[in-house]
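The values are calculated or read from the model by the stated rules, or taken from the named source; none is laboratory data. This one's a predicted model, so the numbers in the text were calculated from it and none came from an experiment. Counting neighbours? That spans all protein chains shown, and the Cβs are built from the backbone with ideal geometry, glycine included. SASA here: full protein model, heavy atoms, side chains in, ligands and nucleic acids out. Shrake-Rupley method; radii C 1.70, N 1.55, O 1.52, S 1.80 Å.
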Amino acid sequence: MNALAATNRNFQRAARILGLDSKLEMSLLIPFREIKVECTIPKDDGTLVSYVGFRIQHDNARGPMKGGIRYHPEVDPDEVNALAQLMTWKTAVADIPYGGAKGGIGCNPRDLSISELERLTRVFTQKIHDLIGIQRDVPAPDMGTNAQTMAWMLDEYSKFHGHSPAVVTGKPIDLGGSLGREAATGLGVVYATEALFAEHGKTIADHTFVIQGFGNVGTWAAKCVHERGGKVIAVSDVTGAIKNPNGIDIPALLQHKEDNGNLKDFPGADTMDPDELLVHECDVLMPCALGGVINKENAADVKAKYIIEAANHPTDPEADEILSKKGVVILPDIYANAGGVTVSYFEWVQNIQGFMWDEEKVNHELKKYMTKAFRDIKSMCKVHNCDLRMGAFTLGVNRVARATLWRGWEA
Ligand SMILES: NC(=O)C1=CN([C@@H]2O[C@H](COP(=O)(O)OP(=O)(O)OC[C@H]3O[C@@H](n4cnc5c(N)ncnc54)[C@H](O)[C@@H]3O)[C@@H](O)[C@H]2O)C=CC1
Ligand SMILES: O=C(O)CCC(=O)C(=O)O
């Protein structure tokens with residue numbers, strides 16, 4: 001199922017549970033604004049190449065729109081639309097004063113040199129600079145982008161509007177980035193998992209983990225699991241997958257990735273079929289890469305007892321049904337990976353106040369927000385007798401609906 005159809009379906013189920021008026025439902029579903037721009041740059045060899053960039057601003061009822069920028073060959077308007085909508089519900093679940101947006105460029109960043117990436121980012125920023133802003137729409141990194149990408153966006157935006165550190169988050173610390181933002185999504189995933197396990201009197205150390213994706217989110221999630229005594233028994237990235245039933249030495253794997261750029265030939269593990277990874281025997285599966293990877297083709301074969309959705313929309317609704325019949329507990333994306341945008345909010349606050357927090361305060365506040373959001377989701381599950389995904393969706397959609405109704409519509 002396509003990402004937008006899947007996201008709309010979850011939203012519509014939540015709207016029905018909440019008994020939302022059909023006109024309000026329609027207004028919450030339609031994006032505020034969809035931006036599509038042509039980005040042509042000279043390659044290093046002098047030839048021209050054109051890419052299509054998107055920024056979809058879904059909703060701003062609760063505050064400025066917020067969400068990452070993705071560089072990936074499969075970026076398409078439907079997927080960006082779905083990701084933007086998910087940001088609206090995610091910021092509401094986390095209870096931070098933002099709406100939702102997402103952007104992306106259909107390109108393979110691995111095929112571009114650093115100077116080509118810089119030119120592409122600058123051209124994209126030139127095309128959207130008058131539609132983003134500190135109180136309007138605040139981009140951040142996502143798949144294929146990082147602190148360097150945000151630094152170029154900040155620099156280009158500032159040429160038009162004056163120095164504006166709060167216009168992007170996930171920046172380098174030297175440019176006003178927050179301590180703890182790089183780790184925040186992975187650490188938040190682990191705080192979310194701890195909140196779930198605490199209900200059953202369990203800890204991270206009691207479980208085995210399989211992690212798909214070893215970029216920003218996957219590496220930090222693996223590191224935080226490992227530090228808490230959890231056993232990571234399989235890991236993959238776009239180049240392949242590895243396993244070790246006795247537990248992978250994560251610090252050694254991080255060093256190997258730093259030295260080699262990927263997981264290949266890591267001496268502390270055996271290679272495995274990447275397709276087998278998602279159905280590998282384990283307690284906890286953490287998808288930390290692409291959307292739609294758990295679907296009706298493989299859901300019946302999933303052996304994990306828990307799926308922690310560190311990636312956005314890794315499980316499609318057909319798989320949800322199959323997994324729920326099997327008793328698999330799914331911690332949904334709009335909660336599980338909300339740690340990233342929560343620390344982005346702290347970064348924005350620090351930039352606006354001109355006052356930097358220490359890392360201890362950032363992580364302490366992050367844990368507070370993640371723990372409270374879990375309690376709020378569980379309350380919705382109880383009131384509406386629903387699973388965690390619908391608990392999170394009803395929580396997020398209800399908060400956005402209430403803000404929308406308070407604001408009203410122009411006559
Ligand atoms: N970076 C952030 O703060 C946040 C990211 N997310 C989501 O987390 C996911 C990962 O994002 P990042 O870690 O930031 O991206 P990244 O670009 O840093 O890393 C992506 C990782 O996925 C791997 N990958 C790509 N295709 C794969 C495949 N077919 N099989 C296995 N691995 C594959 C890549 O090799 C890389 O290791 C995305 O869904 C993103 O939307 C969600 C919330 C915040
Ligand atoms: O940190 C942010 O603003 C956005 C993170 C993001 O794109 C996401 O949560 O999917």
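Most simply put, the chain has about 50% antiparallel DSSP beta bridges, counting only bridges with both residues inside it. Taking every DSSP helix (H) stretch of at least 4 residues in the chain, weighting each as -39,500 (n - 2.57) and dividing the sum by the residue count yields a mean residue ellipticity at 222 nm of -15000 deg cm²/dmol.
Candidate cross-link partners of Lys127 among the lysines, defined by an alpha-carbon separation under 29 Å and a same-chain spacing of 8 or more, comprise Lys36, Lys43, Lys66, Lys90, Lys102, Lys159, Lys171. Just check region 161-290 against the gyration tensor rule for me: Cα atoms, a ≥ b ≥ c as the square roots of the eigenvalues, rounded for a/c under 1.5, and otherwise prolate or oblate depending on whether a/b exceeds b/c. Oblate is the answer for region 161-290, as a/c is 1.5 or above yet b/c matches or exceeds a/b. Dividing the alpha-carbon radius of gyration of region 32-164 by the rule-of-thumb value 2.2 N^0.38 Å gives 1.01. Bridging of Lys257 to aspartates and glutamates at a Cα separation below 20 Å is possible for Asp111, Asp142, Glu182, Glu227, Asp237, Asp249, Asp265, Asp270, Asp273, once same-chain residues fewer than 8 apart are set aside. Within the assembled protein chains, the solvent-accessible surface assigned to Lys367 is about 90 Å², based on a 1.4 Å probe.
At 27 angstrom or more along the helix axis (alpha-carbon based) and mean Kyte-Doolittle of 0.0 or higher, what helices does the chain contain? Whole DSSP H runs only.
Details: long enough: 359-384 (37 Å, -1.04); 388-407 (29 Å, 0.26).
Taking the DSSP H segments of the chain (at least 27 Å long, mean hydropathy at least 0.0), we get 388-407.
Please work out the C-alpha center-to-center distance from region 231-272 to region 75-100 and express it in whole Å. Taking the Cα centre of region 75-100 as reference, the centre of region 231-272 is 32 Å away. Against the empirical 2.2 N^0.38 Å (N residues), the chain has a Cα radius of gyration ratio of 0.94.
In region 332-388, which chymotrypsin sites (Phe, Trp or Tyr not before Pro) are in a loop and have at most 16 other Cβ atoms within 10 Å, using DSSP for the loop call?
Numbers: sites: Tyr335, Tyr345, Phe346, Trp348, Phe355, Trp357, Tyr369, Phe374; in loops: Phe355, Trp357.
Passing both the DSSP loop test and the Cβ count: Phe355.
Using C-alpha pairs under 8 Å with a sequence gap of at least 6, the mean separation divided by the residue count of region 32-164 gives a relative contact order of 28 percent. About its Cα centre, the dipole of region 328-411 is roughly 460 debye, where the only charges are +1 on Lys and Arg Cβ and -1 on Asp and Glu Cβ. Full extension of the chain between Glu34 and Gln148 gives 38.5 nm of extra length, using 0.36 nm per residue less the Cα-Cα distance. Across the chain, the longest run free of exposed loop sites, meaning GluC sites (Glu not before Pro) lying outside DSSP classes H, G, I, E and B with no more than 16 other Cβ atoms within 10 Å, spans 75-198.
Using R₀ = 22 Å, calculate the FRET efficiency as 1/(1 + (r/R₀)^6) where r is the Cβ-Cβ separation of Lys378 and Arg402; round to 0.05.
That gives a FRET efficiency of 0.65.
On the basis of the beta-carbon distance and an R0 of 60 Å, Gln255 and Lys23 show a calculated FRET efficiency of 0.60.
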